[in-house]
Amino acid sequence: MSKQKLPRVVVIGGGTGMPVLLRGLKNLPIELTALVTVADDGGSTGRIRNEMAIPAPGDIRNVIAALSDAEPMLLELFQHRFSEGNGLSGHSMGNLLLAAMTSVTGNFNTGIKEISRVLNVKGKIYPISNENMSLHAEMEDGTIVSGESSIPLSNKRIKRVFIRPQPVKPLPNAVRAIDAADLVVISPGSLYTSIMPNLIIPQVKEALRDTKAKVVYVCNVMTQAGETTGYSASDHVRAISDHIGSECLDAIVVNNEVIDKSIRAVYAEENAEPVEYDMERLIDMGLEIIEGDIIDHTQFMLRHDNNKIAKLLYSVMENR
């Protein structure tokens with residue numbers, strides 16, 4: 001890496017895992033780009049999608065908040081969710097602002113850009129597509145479940161996910177960012193409903209295969225009921241490889257710290273358990289394994305520690 005040119009890091013994902021990652025990475029000397037899913041269809045996001053026929057704003061809103069250096073009160077306002085009001089109840093202020101800015105500018109991506117400017121966002125944020133798209137899953141028993149929020153509720157093992165309508169066009173800037181990256185990070189999060197919708201768009205899949213960047217998957221710490229019940233780390237990787245090809249991933253980041261029994265008990269009530277890191281299978285898959293204590297031990301819910309994971313990922317680039 002030349003001293004003049006900052007390394008270009010692209011993070012792909014959505015859900016709750018991606019903002020945690022970005023909060024740590026935004027403080028590093030890098031050129032940061034976030035490529036975010038727009039397949040969500042639940043809650044406020046789903047209502048706005050249906051009423052305005054725009055891509056899902058919810059995951060974008062959380063990424064804007066994570067990368068913003070705005071005043072805390074302004075961010076609190078942006079993330080505020082109305083609990084009362086006939087038409088407003090359940091809506092998030094940030095989702096409404098994104099919808100309004102899309103209406104004003106005539107373009108979802110331009111709307112994101114303008115709100116990012118107002119909220120002093122570090123780095124670039126692109127929706128994976130400017131189109132309204134719907135996620136579907138084929139289960140192992142052959143049934144088809146439609147809608148991102150419905151897929152985990154079916155409690156069946158997922159064979160594959162796919163997007164309609166086809167063809168979905170990715171945002172050209174999203175593909176260019178992958179092409180130009182030094183490091184591509186696939187974030188933790190709901191594997192089939194937050195991560196996969198980005199990866200399975202054909203041009204994105206091709207860009208991941210062709211990029212000269214190192215492609216690193218940050219593996220979830222816990223399984224998720226209805227999506228990855230009983231999945232080991234290699235099962236997560238296998239699912240990604242089955243959807244986009246085994247040649248796309250170079251490395252996997254795993255947590256090597258023991259998880260407290262009391263926390264395990266809380267997750268067990270939700271049919272979730274620690275992801276088993278089956279190292280031999282991962283090595284057989286040709287992956288570099290990057291392990292460390294990457295958990296935030298100050299919280300009762302298990303979350304990646306944004307600073308620990310950021311340092312670990314930065315060390316990957318320094319060692320290139």
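Where does the charge balance sit around GLY46 when Lys and Arg score +1, Asp and Glu -1, over other residues with C-beta under 9 Å from its C-beta? The partial results should precede the final answer.
Details: positive: ARG47, ARG49; negative: ASP40, ASP41, GLU148.
Net local charge, GLY46 excluded: -1.
Take the Cβ-Cβ distance between SER83 and LYS311 as r, set R0 to 56 Å, and report the resulting FRET efficiency rounded to the nearest 0.05.
So the FRET efficiency works out to roughly 0.90.
Along the positive direction of the dipole of the chain (beta-carbon charges: Lys, Arg +1; Asp, Glu -1; about the Cα centre), which of MET222, LEU22, HIS297 reaches farthest?
Farthest along the dipole direction, towards plus: LEU22.
For the stretch 69-81, in order, what is each residue's ³J(HN,Hα) by Karplus, 6.51 cos²θ - 1.76 cosθ + 1.60 with θ = phi - 60°, in whole Hz (x at glycine and Pro)?
Listing the rounded values in order: 10, 6, 4, x, 5, 5, 5, 4, 4, 4, 8, 5, 10 Hz.
Taking only Cα atoms and a 10 Å spring cutoff, compute GNM fluctuations for the chain and point out the largest among GLY111, GLY90, GLY147.
GLY90
Among the listed pairs LYS124/LYS308; LYS214/LYS261; LYS122/LYS212; LYS156/LYS308; LYS205/LYS261, give every one whose C-alpha distance is greater than 32 Å.
LYS214/LYS261; LYS156/LYS308; LYS205/LYS261
Connecting C-alpha atoms closer than 10 Å in a GNM of the chain, tell me which of GLU273, GLU131, GLU140 has the biggest fluctuation.
Greatest mean-square fluctuation among the candidates belongs to GLU140.
Leaving out ligands and nucleic acids, note down the accessible area per residue over the chain with a 1.4 angstrom probe, in whole Å².
Per-residue value: 45 Å².
With the cut-off at 1.5 for a/c, could you classify the stretch 185-225 from its C-alpha gyration tensor as rounded, prolate or oblate?
Values: a/c = 4.31, a/b = 1.61, b/c = 2.68.
Here the stretch 185-225 falls in the oblate category.
Short version: ³J(HN,Hα) in whole Hz for each residue of the stretch 145-162, in order, from phi by Karplus 6.51 cos²θ - 1.76 cosθ + 1.60 (θ = phi - 60°), x for Gly and Pro, what are they?
For the stretch 145-162, the Karplus-derived couplings read 10, 10, x, 3, 6, 7, 4, x, 6, 6, 6, 10, 6, 8, 8, 7, 10, 8 Hz, x marking Gly and Pro.
On a full-extension model of 0.36 nm per residue, what is the gain between LYS261 and ARG117, subtracting their alpha-carbon distance, rounded to one decimal in nm?
47.5 nm
Long-range amide H contacts for SER134: which residues qualify at under 5 Å (H placed 1.01 Å from N, peptide plane, sequence gap of 5 or more or a different chain)?
Those qualifying (amide H under 5 Å, at least 5 residues apart or on another chain) are ARG164.
Which of MET196, ILE244, MET317 sits closest to the plus end of the dipole of the stretch 182-320, meaning its Cα is farthest towards the positive end, when Lys and Arg get +1 and Asp and Glu get -1 on the C-beta?
MET317
How much length is gained on full extension from SER246 to THR105, taking 0.36 nm per residue of separation minus their Cα-Cα distance?
The SER246-THR105 span can extend by a further 46.8 nm.
Please give the length that would be gained between LYS5 and ARG157 if that part of the chain were fully extended, namely 0.36 nm times their separation in residues minus their C-alpha to C-alpha distance (nm, one decimal).
Between LYS5 and ARG157, full extension yields 50.2 nm more.
About the Cα centre of the chain, how large is the charge dipole given +1 on each Lys and Arg Cβ and -1 on each Asp and Glu Cβ? Please answer in debye to the nearest 20.
1040
At a threshold of 8 angstrom on Cα-Cα distance, excluding pairs fewer than six apart, so keeping six or more, what relative contact order does the stretch 123-224 reach in percent?
27
Computing the accessible area with a 1.4 Å probe over protein heavy atoms, can you report the carbon and sulfur percentage for the stretch 64-107? Numbers along the way, then the final one.
Values: 1450 of 2460 Å².
That share works out to 59 percent.
In the stretch 155-302, carbon and sulfur make up what percent of the accessible area (probe 1.4 Å)? Don't skip to the end; give the middle numbers.
Working: 3060 of 6580 Å².
Exposed carbon and sulfur together represent 47 percent of the surface.
If you place +1 on the Cβ of every Lys and Arg, -1 on the Cβ of every Asp and Glu, and leave all else neutral, what size is the dipole of the stretch 82-221 about its Cα centre, to the nearest 20 Debye?
Once rounded to the nearest 20, the dipole reads 360 debye.
The values are calculated or read from the model by the stated rules, or taken from the named source; none is laboratory data. Only a predicted model underlies this, so the values are computations on that prediction, with no experimental measurement involved. Heads up, the Cβs are rebuilt from the backbone with ideal geometry, glycines too, and the neighbour counts pull from every protein chain shown. Accessible surface is based on the protein model in full, side chains and every heavy atom, while ligands, DNA and RNA are left aside. Shrake-Rupley method; radii C 1.70, N 1.55, O 1.52, S 1.80 Å.
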